[in-house]
Amino acid sequence: MNKHFLLLIIPLALLLVNCSTYSTYYGPTYTTAKQQPLKKIHRIDLSHKNLTTLPKWIDSIPHLKRIDLSNNPNLDLENTITRLSSHTQLEVLLLDSLQLKEIPKNISSLKNLKHLSLAYNPSLNMDVTLQNIASLPLVFLNLKGNQLTDLPKSITQLKTLKDLNLSYNHMITDQSYRYLGELPHLYSLWLDHNKLDTLPTAIQHLQQIRYLYLDHNSLTYLPDSMYKLDNLWVLHAGHNMFNTLPEVLIKMPSLILAHFNNAQISKMPKAFETEKYALQGIILDHNPLSKSEKAFIKNVFKDFFLLSFKQQY
């Protein structure tokens, strides 16, 4: 792999570590239109307002691009969407914690919607919801904290989707991962905090993804089939239960950066000393590594662009 390319991609990967996909910048976020020229307002936060309907002044904002309506469980969502449909520049809609059972069909009227968050709506009928949003040009969908164990086939209709957040669920069924493998543009997948002690074997079908987040699970190993993730650049697997650095990393042809912080790792297999691999950066912070093991790893990975050993021991 070209080292000039690595010099470019690794900083970008590090920037993504704490990146919020729907934090797209459109200027300041307002909670009211008072004393603000309406034409300058692009971002509105009306979360936690106990709303049943939108304020009248929303209709007069000419360039609304982002609105957060989370934590308003009594909101008339169908009427809300009807009114938002006049805002043809709207790209980001947050509907977290609304006690939703399904998304109204008229959401398809939001023709330019790219980012949609439906987090913490555990009663949501996922099949109906996914069918109702299938016509939207979504690139990011947040389904965090919805008590999901699987996904319906209708997820495969989201052909424009690039980023999918499934954090704080319990995604355990093979078929769900096969469906995700059918999303041609899926770029980033969040599976952190999913109570996983093993990965479903069908994870091998995610051959298109670049970024995979497996943090805060109970994994003790990575399956050998992960070598089939031949487009994966960055793997986040910190806060798991690995005792040793997984050897499958050697077989992953595009993997550049791996996070294994807080993962109980005490040793590295000798195969990393003899084999060739794409990996060029690794974070091993807060693992119980002995001084001799750290010295061995430093020697083996001496040409890495990034090698971190911060420890609390």
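So the values come out like this:
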read-out: Label-point gap, in nm, between HIS185 and LYS294 - each point 7 angstrom along Cα→Cβ; value: 4.5 nm
read-out: 15 Å beta-carbon shell around PRO253, net charge (K/R +1, D/E -1); value: 0
read-out: Descending Cα extents along the principal axes, the chain, whole Å; value: 67, 42, 36
read-out: Using alpha carbons only: equivalent-ellipsoid semi-axes of the stretch 214-280, gyration tensor based, whole Å; value: 18, 14, 10
read-out: Potential extension, THR29-ASN243 segment - 0.36 nm per residue separation minus Cα distance; value: 72.6 nm
read-out: Using distinct alpha-carbon pairs, which all enter the 1/r mean, Kirkwood radius of the stretch 27-177 in Å; value: 15.8 Å
read-out: Pairwise label distance in nanometres, GLU275 with GLN89, each label 7 Å out on the Cα-Cβ vector; value: 5.2 nm
read-out: FRET efficiency, GLN175 to GLN264 (Cβ-Cβ, R0 35 Å, nearest 0.05); value: 0.70
read-out: Per-peptide average of other Cβ atoms within 10 Å, ordering 183-192, 37-46 highest first; value: 183-192, 37-46
read-out: Förster radius 30 Å - calculated FRET efficiency between SER109 and LYS40 (Cβ-Cβ, nearest 0.05); value: 0.75
read-out: At most 12 other Cβ within 10 Å, DSSP loop - GluC sites (Glu not before Pro), the stretch 211-313; value: GLU275
read-out: The chain, relative contact order [Cα under 8 Å, separation at least 6], %; value: 8 percent
read-out: Compactness of the stretch 198-313, expressed as Rg and Dmax over alpha-carbon positions, Å; value: 13.2, 39
read-out: Net dipole in debye of the chain [+1 Lys, Arg Cβ; -1 Asp, Glu Cβ; about Cα centre; nearest 20]; value: 840 debye
read-out: Added length on full extension, which subtracts the Cα-Cα distance from 0.36 nm per residue, ASN74 to LYS153; value: 25.4 nm
read-out: Helix-only mean residue ellipticity at 222 nm for the chain, each DSSP H run of n ≥ 4 adding -39500 (n - 2.57), per residue, nearest 500; value: -4500 deg cm²/dmol
read-out: Gap separating the Cα centres of the stretch 221-259 and the stretch 109-159, nearest whole Å; value: 28 Å
read-out: Percentage relative contact order, the stretch 27-177, counting C-alpha pairs under 8 Å, at least six apart; value: 15 percent
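Each reported figure results from applying straightforward, stated rules to the coordinates on display, with no laboratory input. Fair warning: this is a prediction, and the values are worked out from it, not measured in the lab. Every residue, glycine among them, receives a Cβ derived from its backbone with ideal geometry; neighbour counts consider all protein chains shown.
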